[in-house]
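Novice: One structure is given below, represented as C-alpha cells, and several questions about it will come after.
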Amino acid sequence: MECVIVVAATIGSPFAPADGSDGYALMSAGSIRVTGYPVGAGVVAGTLTDGGNPADALLLMEEPALPGQEIRARPVALLHTLVDGLPRTEVLCVPAHDANFAALTDVAALRAWHADEGTLATVLHRLQRGHRWRITELEEAPAAEQFLAEARHCHEGLTWRKER
C-alpha cells in the first residue's frame, strides 16, 4: 500500500542501519550512518481519523523535505503513543521506491536501525517540543495499512471522492 505524506517539518535523527545495508560507508565524510537519516512529520493526504484530522505520519527519508512537500511512501509500522497522557496514533513510513529503505518492512528491522520506542519518543519530542511523548506500542505494517484504509474510507465518506 502506498500513501502520500504532506511534510510539515523535518529534523535529523539517529536512525541508520548498524550493518551498513544501506550502502553508505561508516567513515565517509557526512555519512548518513554517522549522522542518521532525516525524519519528517506530517499527515497522510486523503485520510480522516476519528478525531476529525488527517492521519499523522512520521517519514524516515534520505534527504530532508521542505514543509508542504508531498512524498509517496509506504507504511512500515503503527505507533500508539501518549502525548501529555492523551492517546495518539502515528503511521511510520519510508519512501515508497527508495532502495535504501527496501529492507525496512517490519518492527524488527526498525529496531535494527535504532528506531526503538525510546528513540522514537525522543524524535517526536524534538518535532513537537513542549509535549511529553511515550510510545506504548509498535504494530507491524499490516496494522498501519488497516488504519490508513479506515482513515481513507472515512475521508471518502465525508468528501464523496477518492484521493490519489
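The values are calculated or read from the model by the stated rules, or taken from the named source; none is laboratory data. Remember, it's a predicted structure, so these values are computed and weren't measured experimentally. Positions of Cβ are backbone-derived with ideal geometry, glycine not excepted, and every protein chain shown enters the neighbour counts. When the accessible area is computed, the model is the full protein with side chains, heavy atoms only, and any ligands, DNA or RNA have been set aside. Shrake-Rupley method; radii C 1.70, N 1.55, O 1.52, S 1.80 Å.
Novice: Which condition number in (1) charged (D, E, K, R); (2) closer than 29 Å to Gly130 by Cβ; (3) modelled with pLDDT of 90 or more is the one that Asp50 fails?
Specialist: (3)
Novice: Restricting to segment 48-65, count the residues that are open to solvent by less than 10 Å² (accessible area, probe 1.4 Å) and outside any loop (DSSP other than H, G, I, E, B).
Specialist: Total meeting the criteria: 4.
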